[in-house]
Amino acid sequence: MCRASLPFSATWKLYLERNSRCNVFRRIGTAGSTWWSPQCAAVRQGIVDMMHRALREPEVKSVVICGQDGKFCGGADIREFGAKMSGPPLVPMIHMIEAAAKPVVAAIEGVALGGGLELALSCHYRIAHSKARLGLPEVTLGLLPGAGGTQRLPRLIGVPAALELITTGRHVTAAEALQLGIVDEVTDQNAVDAAVKFAQSVEGKSLDARRIGTFPCPRPPDLDAVFEKVMKEVRRSARGAIAPVTCVQAVHAAVTLPYAKGMERERELFSTLFTSGQARALQYYFFAQRAVSRWSTPSGARWDTSKPRPVRKAAVIGLGTMGRGISVSLAQAGFSVVAVETQEKQLLEAKQAVSGMLERDAKRRGAPLAHGNIKYSCSLKAAADVDLVIEAVFEDMALKKAIFRQLSAICKPGTFLCSNTSALDIDELASQTQSPELVVGMHFFAPAHVMKLLEVVYGPRSSPEAVATAMQMGKKIGKVSVAVGNCRGFVGNRMLKPYLEQAFFLLEEGATPEQVDQVLEEFGFPMGVFKVSDLSGLDVGWKVRKADGLVVPDSTGKSARIQGGRRYSPLGDLLCEQGRFGQKTGRGWYQYDKPGGRVAKSDPWLHRFLEEYRARHGLVARRIDQQEVLERCLYALINEGFQILQDGIAAGPEDIDVIYVLGYGWPRHRGGPMFFADMVGLDKVLDRLERYHQLHPDVPGLKPCSLLRKLAAGGCPPIHRWREVIQKPHSQL
Ligand SMILES: CC/C=C/CC(=O)SCCNC(=O)CCNC(=O)[C@H](O)C(C)(C)COP(=O)(O)OP(=O)(O)OC[C@H]1O[C@@H](n2cnc3c(N)ncnc32)[C@H](O)[C@@H]1OP(=O)(O)O
């Protein structure tokens, strides 16, 4: 018996065990994390050497490959992708294992992902621990499984199941892997021991039927139709991402070509993806999503020095759409929840709605119901003994202030008071309480029980403990929490403002909502800006603009287009004055078949309205090309992102990018707005903003931010070096 040990991220070792009696332990090299990276060349070399030795030595009858520290293999080290490959190449190694004349068994504990699963697929048998997870997540990194995964998996589990796993990158449990036929056995006991036992039981048996590469690939009878359908679906959901489409092409090769030719095709397709901008973007995003948990604030509070306080019981105040979703998230994560809505009728409605949401979700996930965790009340006093409150009432400062005053008097000392406000001043709310250090924002995104993003907003007086507690709470309810500073709209909504503004100006200048939306959707947003506005309700922004004094009594008059000395578009206000609030009224930037309808149709009324508007204001419609639409909308948003970094509202570009991908539909394969700016070239973004600002000097959002200028003047450092430039002003304070 020969055992080769493959850890995910530790010292790599490989050892021989002869006849299971005397162990000869041999360390064959150390690696930073995974077996693919150049440092892991030693590991691949070790596997190759030990496989040769195991095959040579007559005492060795079988081989078990296992991981170290309870993890089989997480796949390639993504950080090493840029580096030159050394050591024995992967694919021949995999072929050598598969061709071995002695049984090779993979003992899968922890994870077998990406190249790790491809290695396991080259073994003759796979034994998995019941808690193991398996998958080919390469597509989420802009790649395809390039070590035979696209050729072996369809041969093992059939084309439809393989296509689903490869194009989504979904991880499966050991139980599902067994059901699909990816593993041969699942055990609750020690998987390595089980694999050794298994290996001994198959010693001497023929391996002819165990080499997946020799299997014929099952060919669906209606092959073309199957692939046409899958390709259509993948193209639709990929929204411009190339990896899922390329994965389908690779699996197609498995069905239509002999194995060796299919492997060649896989290699060609892999190479095109490997160097693509999309792969860079997705790999950047992978680390960005992990980097945001290492938060810091300009005052010096940090994730590693700030201790969260335990939260067992939480209250949600206000059970509208957001409050309901937040209550569901908390209950599902096992928190005791006190849900408060002051009106009896609304409370009852909310209770029914929340129960329905919990039931549907429990059914979908096959999980137990979390009803028992929620107590409903009409009184704020019910929040007296909770550890943390999330206020989720209407976006009305006076109302929120009154609630914070009351909560401060009602809640036990030390209770954290959080607001789900999407834009309002956290500090102003904190000032209503006796302990402003306990106040932070927890900005959820609708639907709150579905959307993965949480902006945790710290004010100047929020304690590090309060920030750490809200961040941890977010993690516990399955959100990606991003810590951001306090300013109007925080990060996400603040950047949305110049984006929306440009979209309105483009309509004034000659574009249509359809044209703007089409350009943004082709870029990869699931919906263009006007469709999103219709969905969220045009009255929401109208209310905010009215509160800000931007909406003048006569929105049709000439003066309506200038506010505070800068250009302003009253187009949204004019629509609202007509009762066009979007989907809910059946009319907005588009028309819908009925109030609440979802399918946006072009509206001739709107086009006439735009023509009349332009005529009234002496605006001559011009032809606006796609590039201008995209640049003006996106670069204005990006410019605000640089301003946010400069102001210290976000600690780094990763925070902004994660917020935009998870909260605003920014296409993941474009990394996020700040990564996109880096890809385009900061000097180019600067140049275009300067040009647009020259043409529109009354639009401050187009004036390039000084941080952007500074970065461009400093030679456009890559995004991972921006923090060095951003942090300088703070360290000098
Ligand atoms: C060219 C050759 C072909 C390659 C094919 C491949 O193999 S591509 C890689 C396929 N593998 C993956 O995509 C796995 C990605 N990782 C995960 O899914 C998860 O990290 C995990 C392995 C399931 C572990 O999850 P867990 O929640 O326990 O930990 P974290 O996600 O927080 O990760 C811990 C730290 O490890 C870093 N890391 C994880 N995976 C990789 C990786 N593949 N390469 C490099 N680094 C990786 C992760 O970034 C965390 O470190 P931080 O410093 O906190 O960022």
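Set the Förster distance to 45 Å, then compute FRET efficiency between GLU203 and LEU369 from the Cβ-Cβ distance, nearest 0.05. Computed FRET efficiency for GLU203 and LEU369 comes out at 0.40.
Expressed as a rounded percentage, what relative contact order does the chain have, with Cα pairs under 8 Å and six or more residues apart? Display every interim value, and only then the final one.
Values: 1439 pairs, mean separation 61.9, N = 733.
Averaging sequence separation for qualifying contacts and normalising by length gives 8 percent for the chain.
Between THR556 and GLU59, how high is the FRET efficiency from 1/(1 + (r/R0)^6) when r is the Cβ-Cβ distance and R₀ = 60 Å? Nearest 0.05. That gives a FRET efficiency of 0.05. Each residue of region 128-136 was assigned a 3J(HN,Hα) from its phi angle through the Karplus curve 6.51 cos²θ - 1.76 cosθ + 1.60 (θ = phi - 60°); the sequence is 10, 6, 4, 8, 6, 10, 10, x, 10 Hz, with glycine and proline shown as x. Shape verdict for region 154-304, please, from the Cα gyration tensor: rounded (a/c under 1.5), prolate (a/b greater than b/c) or oblate. Judged from the Cα gyration tensor, region 154-304 comes out oblate (a/c at least 1.5, b/c at or above a/b). Put simply, when 623-629, 295-301 are sorted by average Cβ atoms within 10 angstrom per residue, most first, you get 295-301, 623-629. Paramagnetic label reach from LYS476 (point 7 Å along Cα→Cβ; backbone nitrogen cut-off under 13 Å): within region 301-345, residues 308-315, 330-338.
Packing order of peptides 695-706, 282-293, highest average first: 282-293, 695-706 (average count of other Cβ atoms within 10 Å over each peptide's residues). Could you state, as a whole-number percent, how many of the C-alpha pairs of region 324-469 are farther apart than 27 Å? Here the tail beyond 27 Å accounts for 19 percent of pairs. Once the Cα atoms are used to define both axes, helix 321-332 deviates from the longest principal axis of the chain by about 30 degrees. Helix content alone sets the calculated 222 nm mean residue ellipticity of the chain: runs of n ≥ 4 DSSP H residues at -39500 (n - 2.57) each, divided across all residues, give -14500 deg cm²/dmol.
Between ARG302 and VAL540, the contour length at 0.36 nm per residue exceeds the alpha carbon distance by 82.2 nm.
Indicate the gyration tensor shape class of region 267-405 (rounded, prolate or oblate), computed on the Cα atoms with a ≥ b ≥ c the square roots of the eigenvalues: a/c under 1.5 is rounded; otherwise a/b larger than b/c is prolate and the rest oblate. Since a/c reaches 1.5 and a/b is larger than b/c, the shape of region 267-405 is classed as prolate. Only aspartates and glutamates eight or more places from LYS710 in sequence, or on another chain, were considered; those with a Cα closer than 17 Å are GLU640, ASP647, ASP678, ASP683, ASP687, GLU690, GLU724. Between 0 and 90 degrees, the angle of helix 626-646 with respect to the longest Cα principal axis of the chain falls at about 90 degrees.
For a Förster distance of 35 Å, can you work out the FRET efficiency between the beta-carbons of LEU257 and THR173, rounded to the nearest 0.05? Using R0 = 35 Å, I get an efficiency of 0.65. Listed by chain and number, the aspartates and glutamates whose alpha-carbon sits under 19 Å from that of LYS558, ignoring those within fewer than 8 places in the same chain, are GLU501, GLU508, GLU509, ASP573, GLU577, GLU611, GLU612, ASP698.
Students often get this wrong, so check it: of LYS313/LYS479; LYS61/LYS197; LYS351/LYS546; LYS497/LYS531, which have C-alpha atoms separated by over 21 Å?
Working: LYS313/LYS479 18 Å; LYS61/LYS197 12 Å; LYS351/LYS546 33 Å; LYS497/LYS531 16 Å.
Too far apart for the 21 Å limit: LYS351/LYS546.
Extension gain for PHE287 to VAL245 (0.36 nm times residue separation, less C-alpha to C-alpha distance): 12.8 nm.
How high is the relative contact order of region 511-616, in percent, with contacts defined as C-alpha pairs under 8 Å that are six or more residues apart? Let's see the in-between values first.
Working: 118 pairs, mean separation 21.9, N = 106.
Computed value for region 511-616: 21 percent relative contact order.
The angle between the Cα long axis of helix 397-410 and the longest principal axis of the Cα atoms of the chain comes to about 70 degrees, rounded to the nearest 10.
For the pair SER271 and ARG723, label points projected 7 Å from Cα toward Cβ lie 3.6 nm apart.
Does region 511-616 come out rounded, prolate or oblate by the C-alpha gyration tensor, with a ≥ b ≥ c the root eigenvalues, rounded set by a/c under 1.5 and, if not, prolate when a/b is larger than b/c and oblate if not?
Working: a/c = 1.61, a/b = 1.50, b/c = 1.07.
Since a/c reaches 1.5 and a/b is larger than b/c, the shape of region 511-616 is classed as prolate.
Each of the peptides 327-340, 247-260, 115-128, 48-61 was scored by the mean count of other Cβ atoms within 10 Å over its residues; in descending order, highest first, they stand as 115-128, 327-340, 247-260, 48-61. Within the set of other residues whose C-beta is less than 11 Å from the C-beta of ALA423, count the net charge using Lys and Arg as +1 and Asp and Glu as -1. Residues near ALA423 contribute -1 overall.
Here the 3J(HN,Hα) profile of region 373-385, calculated from phi with Karplus coefficients 6.51, -1.76 and 1.60 at θ = phi - 60°, is 6, 10, 10, 9, 8, 9, 10, 4, 4, 5, 8, 4, 10 Hz, Gly and Pro shown as x.
For the chain, the pair-distance distribution built from all alpha carbon pairs, in bins 10 Å wide starting at 0, is 3, 13, 20, 22, 20, 14, 7, 2, 0, 0 percent.
Where a number appears in this text, it was derived from the coordinates with a stated rule and is not lab data. Remember, predicted model here, so these are calculated numbers, not experimental data. Every residue, glycine as well, gets a Cβ built from its backbone with ideal geometry; the counts of neighbours run over all protein chains shown.
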